[in-house]
Amino acid sequence: MDAAVGRIVKALEAEGKRANTLIVFTSDNGGQRKWDAPKDQYDGRYEPHTTLGNNLPLRGWKTELYEGGIRVPCCVNWPGHVPAGKTTNSPTCIIDWMPTFCELAGAPAESALRLSGKDIWPLILGKSQPEPRTFYWRTPSRSALRQGDWKLITGKADSPAELYDLASDPFEKSDVAAKHPDRVAEMADALREERRRDQ
């Protein structure tokens, strides 16, 4: 992976485009627990792997809604624009990149596109503080909602909702839904609204 990214950087330098190119390296989900290279998809071209990721100390894997399944690293590089070694832990989402790219290109995203993301460039540069936001995830069987440091995970109608306080429990070891029934009900309503808008 390092070598492949290096080839892209060298190609940009060779074309004289490196100084005007923002490179973003990220993932769409947490690491996989395993991958068996199903023959119906890969025709036996690849060997199975016992593991493809290590999300520890976060809980969960790809396709799960625990932090290990949805929280990912993201690296941004643009010499002369982004200070080297700068870090931020502010929650963002991959859908934030489209409006961010539009703003950087000088073509603000049109409202007709109905983008859900936010321009996060000021946040990356440390020129603004994170605003309160709601984040929403959905898989075929489960949904999750994050408001501030609170995160609700729901499943099928017959399975209880889970609630985590990520500020005090970032590894999601203690489900506190039973201690905060009002918050669960409020966040469940908000989650249903997100699902409705997602249709």
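Every number here is computed from the coordinates shown, using simple stated rules; none is lab data. All values derive from a computational prediction rather than experimental measurement. In this analysis, Cβ positions are derived from the backbone assuming ideal geometry, glycine residues included, and neighbour counts consider all displayed protein chains.
Using only alpha carbon pairs under 8 Å that are at least six residues apart, calculate the relative contact order of the chain and give it in whole percent.
Across the chain, relative contact order equals 13 percent.
Of LYS34/LYS151; LYS86/LYS156; LYS39/LYS62, which ones are farther than 31 Å apart at the Cα?
Details: LYS34/LYS151 26 Å; LYS86/LYS156 41 Å; LYS39/LYS62 20 Å.
Where the Cα-Cα span goes over 31 Å, the pairs concerned are LYS86/LYS156.
Note down the relative contact order for segment 133-199 as a percent, whole number, built from C-alpha pairs under 8 angstrom at least six residues apart.
Dividing the mean separation by the residue count of segment 133-199 yields 22 percent.
How would you rank LYS179, LYS62, going from fewest to most other Cβ atoms within 10 Å of each one's own Cβ? The partial results should precede the final answer.
Numbers: LYS179 11, LYS62 18.
Ranked by crowding around the Cβ, least crowded first: LYS179, LYS62.
Hey, what's the per residue convex hull volume over the C-alpha atoms of segment 133-199, in cubic angstrom?
Roughly 90 Å³ of hull volume per residue.
Within 10 Å of each residue's Cβ, count the other Cβ atoms and sort MET187, MET98 from fewest upward.
Ascending Cβ contact count within 10 Å gives the list MET98, MET187.
Over the Cα atoms of the chain, Rg to Rh with Kirkwood Rh, two decimal places?
A ratio of 1.00.
Can you compute the modelled spin-label distance between VAL5 and HIS49, with each label point 7 Å from Cα toward Cβ, in nm?
Distance between label points: 1.6 nm.
Quick one: the Cα spread of segment 55-102 along its three principal axes, in angstroms, biggest first?
37, 24, 15
What is the order of TYR66, TYR164, TYR42, fewest Cβ neighbours within 10 Å to most?
Taking fewest neighbouring Cβ atoms as first place, the list is TYR42, TYR66, TYR164.
Give the Cα extents of segment 14-82 along the principal axes, in whole Å, largest first.
Dimensions of segment 14-82 along the principal axes of its Cα atoms: 43, 32, 15 Å.
How big is the C-alpha Rg of segment 116-170 next to the rule-of-thumb value 2.2 N^0.38 Å, as a ratio?
Segment 116-170 yields a ratio of 1.41.
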